[in-house]
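Student: Before we start, here is the structure in question, set down as structure tokens.
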Amino acid sequence: MHTIVQVDQYIINAAEFAIPILDHLRNLVHKADARIEEKMKWSMPFFELKGTVCHMAAFKYHCAFGFWKGSLLNDEFNIFKDREQAMGMLGKIKSFKDLPPDEVLIAYIRQAIKLNEDGVKLPPKPKTNEKPALILPQYFLDALQGDPTALNIFQNFSESNKREYVMWLEEAKTESTKQKRLDTAIEWIAEGKPRMWKYKK
């Protein structure tokens, strides 16, 4: 199905209150720049020109309109309620009263297009090297609590030593193997031994 037809269909299928709002937003985008192309992504209409410019969506009781690079826009007219959370989103649009004036929105759309034309990219998301928090399986916790010596020693183990024991237990293919490993683990921990103690000199 042709994208324009898909966007038409999206608008027609929206809640009654949303249809004129979506139509209006769509017209403003094309008014801002006739070169804009429409795409359907993630089941919602996106507007593109040398990259994604903005998108719109309809929900049961409100519409939303967002700028792909909203965090880089100069929000001169303060149209984004909460910059940190919204990141360039106009959410909770229930009527035309919730929209900024047409000329303001057009200016923002043109600003977003210029970012794409100038090749401005969003900053990369910071890479986190943090491992997910270590969660002890309940059966392991119960077994440790049943042996105060093992529990005390385990609490003072390094994060990696704790993880090695948890992984060893969780990788057991059968319940009987898991039980054997659990008995061994409690015994070794009570003796202050890390999981790989045999291989450490």
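Student: Being surrounded by fewer than 15 Cβ atoms within 10 Å (Cβ to Cβ) and not in a helix (DSSP H, G or I), is that true of even one residue in the range 23-36?
Tutor: Yes, there is a match, as at least one residue in the range 23-36 is surrounded by fewer than 15 Cβ atoms within 10 Å (Cβ to Cβ) and not in a helix (DSSP H, G or I).
Student: I've got another one for you. Mind checking which residues of the range 157-201 are within 18 Å of Leu134 (Cβ to Cβ) and in contact (Cβ under 8 Å) with a residue 40 or more places away in the chain?
Tutor: Of everything in the range 157-201, those that are within 18 Å of Leu134 (Cβ to Cβ) and in contact (Cβ under 8 Å) with a residue 40 or more places away in the chain turn out to be Leu182, Ala185, Ile186, Ile189.
Student: Taking His55 as meeting all but one of (1) surrounded by fewer than 18 Cβ atoms within 10 Å (Cβ to Cβ); (2) within 22 Å of the chain's Cα centre (by Cα); (3) within 16 Å of Lys31 (Cα to Cα); (4) not basic (Lys, Arg), write down the number of the exception.
Tutor: In the conditions (1) surrounded by fewer than 18 Cβ atoms within 10 Å (Cβ to Cβ); (2) within 22 Å of the chain's Cα centre (by Cα); (3) within 16 Å of Lys31 (Cα to Cα); (4) not basic (Lys, Arg), His55 misses (1) alone.
Student: Shifting gears a bit: Of Ala185, Ala190, which residue is more than 30 Å from Phe80 (Cα to Cα), surrounded by 13 or more Cβ atoms within 10 Å (Cβ to Cβ), out of contact with any Lys or Arg (no Cβ under 9 Å at 6 or more places or on another chain) and modelled with pLDDT of 90 or more?
Tutor: Ala190
Student: Here's another thing I want to ask about it. Can you pull out the residues in the range 75-97 that are at pLDDT below 90 and either hydroxyl-bearing (Ser, Thr, Tyr) or in a helix (DSSP H, G or I) (or both)?
Tutor: Once the filter is applied, which keeps residues that are at pLDDT below 90 and either hydroxyl-bearing (Ser, Thr, Tyr) or in a helix (DSSP H, G or I) (or both), the range 75-97 yields Arg83, Glu84, Gln85, Ala86.
Student: If Pro100 meets every condition in (1) in a helix (DSSP H, G or I); (2) within 30 Å of His55 (Cβ to Cβ); (3) not small (Gly, Ala, Ser) apart from one, which number is that one?
Tutor: (1)
The values are calculated or read from the model by the stated rules, or taken from the named source; none is laboratory data. Just so you know, these numbers come straight off a predicted model, no measurement behind them. When we count neighbours, we look across all protein chains shown, and the Cβ atoms used for this are built from the backbone with ideal geometry, even at glycine.
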